[in-house]
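The structure appears right after this line, and notes come after that.
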Amino acid sequence: MGGLETPDGYHPHTSESLKAYLAEVENTASRLGGREADWQVDEVGDGNLNLVFIVRGPSGGVAVKQALPYVRLVGESWPLPLSRAHFEHLALTEEARQAPGLVPQVIHYDETLALIVMELLEPHIIMRQGMIKGIVYPGFTEAITTFMARTLFFTSDLALATADKKALIGAFADNTALCKITEDLIFTEPYMIVENNRWTAPQLDPYAAWIREDGDLKVAISRLKIKFMSEAQALIHGDLHTGSIMVTEDDTKVIDPEFAFMGPMGFDVGAVIANLLINYFSQIGHEAAPGERDAYRTWVLETVEGVWTGFRLKFLALWAENAAGDGYPAPLFDDAHGAIRLAAEKEAYMDRLFQDTLGFAAAKMIRRILGLAHNIDLEWITDETVRATAEARTLTLARDLMVNTADYRSIEAVTAAARRQNAWVPELGR
Ligand code: SR1
Ligand code: MG
C-alpha cells in the first residue's frame, strides 16, 4: 500500500476477495446461507473514510465495513490509521451494553484487516437521506434520547468508580488521529484560510470572510476546542450526525462510532441538534413549491425540542436511580439541606450541559458549510442561490448560538430563533 502503514496480512477487500474471505467465517457464512457463488456483494460506501459492502445470500445479509489506511474522501495523500476499526468495535461493544437494541449487532471482527461484519439493517436507510425526502420518523426522538442518555450517563463519573472511568479513558486514549480530524476540521479550519475549505462561491464569500474575521467567534470556538480536547466526561460517539443514524419509521440504530473517545457529552447532543437544524434550513431546496414542506419543518423543530427535553429528563432519571459513581459523593449531601443542594446542582449541571450542547451544535453547523466535509442536505440543492440562502441562514444562527450562548435559556429559544432566521432574506455575494 505505497507509503501507508498497514500490518502484515492487511489488504483492502474487493467484492470478489470479500466473498472468499467470508466463506471462511463460520457465523457469517451460515447467516448468508447457500454457497459463495450464490452471494451478491456490492460496495456501497458513500462516507468519507471507509469501504462498506453489503453482502446478500439466500438466507440473509450482512454489512461489512473495512477501514482504508487513508481518508477515502481525499485519497492516499491523507494517511489515517487502521486502528479506527478497533475503536469502532470497542465503542459498538460498549454502546450495545449500555443501550441494547440501538446499535447494529457485531457478527465478526478482524483486527488485522480492520474489518467489522455487522447485521444488515433492513429496510433501514440513512436518516439524512430520509429527511431530505421529507420523511417523518416518529420513533427517532425516543430512541436517540435513550441512546445518548444511557451511553453518556453510564460512562461518566456519575455512574462509574473513578478507576473504571479512567480505564475507559485509557482504552480510547489512542484514538488521536480521529480526534485530530475533528480538532482541525471542526474547531480550526473553518475560521482561517486553508486549502481544505470550500463553500458555495461567490454567494457565500462575504459570510466566509465574516466568520474568519470575527474575533469573538474565534475566542468562542477556541473555548469549545479546549473543552473537546480536555473534558473526558463520558464515552462519546464523536460523529453523531444524521449520516450516522439508520432508521425506519419505528426503528433507529446508531452506526459508525469510529470517532469515539472520552470527551464532552455536549458534543454528541450538539451533533444531533446541529444536523436537524441544517436539515430544517435545507428544506427550502427540497420542496416542490414554497411552503410545501412547512409541516415537515414543524416536525424537525419539534424533534430538536424533543431531543434536548427527552435527553435531559432521561439523564436526570438515570442519575436519580444509578448514582453509583465517585462524582458528587453522597456523604457531602446527607445533611439537612443536602438533598435540596444536590437537586439544585443537578439542574445547574444540566444547564451547563445545555450550553455546551449549543456551542458544539453551532460549531458543527459552521463546519458543514465552510469546511472540507459538507452535508448532502445542502449539497444536493442544485440552485446555488437557494443553497446559499439556506447556508447563510444556518451560519448566521450558528454564529449567534456560539457567541451569545448564554442568551439561549431554553431549547424553545433556539427553535424560535431558527424560525426567525428561516424567514430572513440574506444578501448574497456576486
Ligand atoms: C476527513 S473526514 C471528514 C468527516 O467525515 C466524518 O463523518 C467526520 O464527520 C469527519 O469530520
Ligand atoms: Mg462516519
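What's the longest uninterrupted piece of the chain once you rule out the chymotrypsin sites (Phe, Trp or Tyr not before Pro) that are loop residues per DSSP with at most 15 other Cβ within 10 Å?
1-379
From the square roots a ≥ b ≥ c of the eigenvalues of the alpha-carbon gyration tensor of region 125-422, which class results: rounded (a/c under 1.5), prolate (a/b over b/c), or oblate? Could you put the intermediate results ahead of the total?
Working: a/c = 1.79, a/b = 1.51, b/c = 1.18.
Judged from the Cα gyration tensor, region 125-422 comes out prolate (a/c at least 1.5, a/b above b/c).
Starting from the Cα of ASN27, step 7 Å along the direction of its Cβ; do the same at LEU73; then give the gap between the two resulting points in nm.
The modelled label-to-label distance comes out at 3.3 nm.
Expressed in nm to one decimal, what extension gain is obtained for the pair ILE193 and ALA167 from 0.36 nm per residue of sequence separation less their Cα-Cα distance?
Roughly 5.5 nm would be gained on extension.
Let me check against my output: what whole-number percent is the relative contact order of the chain, with C-alpha pairs under 8 Å and at least 6 apart?
Contact order relative to length: 17 percent.
Given a Förster distance of 22 Å, report the FRET efficiency between ARG409 and ILE135 from their Cβ-Cβ distance, rounded to the nearest 0.05.
On the way: r = 32 Å, r/R0 = 1.46.
Using R0 = 22 Å, I get an efficiency of 0.10.
Is the shape of region 1-119 best called rounded, prolate or oblate, per the rule: a/c under 1.5 gives rounded, else a/b larger than b/c gives prolate, else oblate, with a ≥ b ≥ c the square roots of the Cα gyration tensor eigenvalues?
oblate
When the chain is fully extended, how far beyond the present Cα-Cα distance does SER17 get from GLU142, taking 0.36 nm per residue of separation?
Contour length minus Cα-Cα distance gives 41.0 nm.
Once Lys and Arg get +1 and Asp and Glu get -1 on their Cβ, which of LEU102, ALA91, LEU277 lies farthest toward the positive end of the dipole of the chain?
Looking along the dipole axis, the top candidate is LEU277.
Before I look further, what does region 125-422 give for accessible area per residue, probe 1.4 Å, in whole square angstrom? Mind dumping the intermediate values first?
Numbers: 11180 Å² over 298 residues.
Solvent-accessible surface per residue comes out at 38 Å².
About the Cα centre of the chain, what is the dipole size in debye to 20, counting +1 per Lys and Arg Cβ and -1 per Asp and Glu Cβ, all else neutral?
780
Tell me the carbon and sulfur percent of the accessible area for the chain, rounded to whole percent, probe radius 1.4 Å.
Numbers: 9380 of 17690 Å².
Answer for the chain is 53 percent, counting heavy atoms of protein chains only.
Just reorder VAL62, VAL219 by solvent-accessible area, largest first, 1.4 Å probe, all chains present. Could you put the intermediate results ahead of the total?
On the way: VAL62 0, VAL219 80 Å².
These residues rank, largest area first, as VAL219, VAL62.
Count charges around ARG341 for me, please; just the other residues with Cβ under 13 Å from its Cβ, Lys/Arg as +1, Asp/Glu as -1.
That works out to -3.
Can you count the Lys pairs in region 125-422 whose Cα atoms are under 25 Å apart, with each pair 8 or more apart or on different chains?
27
Sorted from largest down, give the three principal axis spans of the alpha carbons of region 376-430, whole angstrom values.
Here the spans come out as 36, 22, 18 Å, largest first.
Is there a quick way to get the dipole size of region 15-119? I mean about its Cα centre, with the Cβ of Lys and Arg at +1 and of Asp and Glu at -1; what is the value in debye to the nearest 20? Each step should come with its number before you reach the end.
On the way: 8 positive and 15 negative charges, 27 e Å.
Roughly 120 debye, rounded to the nearest 20.
Ignoring ligands, DNA and RNA, how do SER282, SER30 rank by accessible area with a 1.4 Å probe, largest first?
The ordering from most to least exposed comes out as SER30, SER282.
Charges at C-beta only: +1 for Lys and Arg, -1 for Asp and Glu. How large is the resulting dipole of region 182-314 about its Cα centre, in Debye rounded to 20?
My answer is approximately 380 debye.
Assuming a ≥ b ≥ c are the square roots of the Cα gyration tensor eigenvalues, decide whether region 159-281 counts as rounded (a/c under 1.5), prolate (otherwise, with a/b larger than b/c) or oblate.
On the way: a/c = 2.31, a/b = 1.39, b/c = 1.66.
Verdict is oblate for region 159-281.
The values are calculated or read from the model by the stated rules, or taken from the named source; none is laboratory data. All of these numbers come straight from a predicted model, not from anything done at the bench. Quick reminder, even Gly has a Cβ in these numbers, built from the backbone with ideal geometry, and neighbours come from all protein chains shown. These area figures cover heavy atoms from the full protein model, side chains too; ligands, DNA and RNA do not enter into them. Shrake-Rupley method; radii C 1.70, N 1.55, O 1.52, S 1.80 Å.
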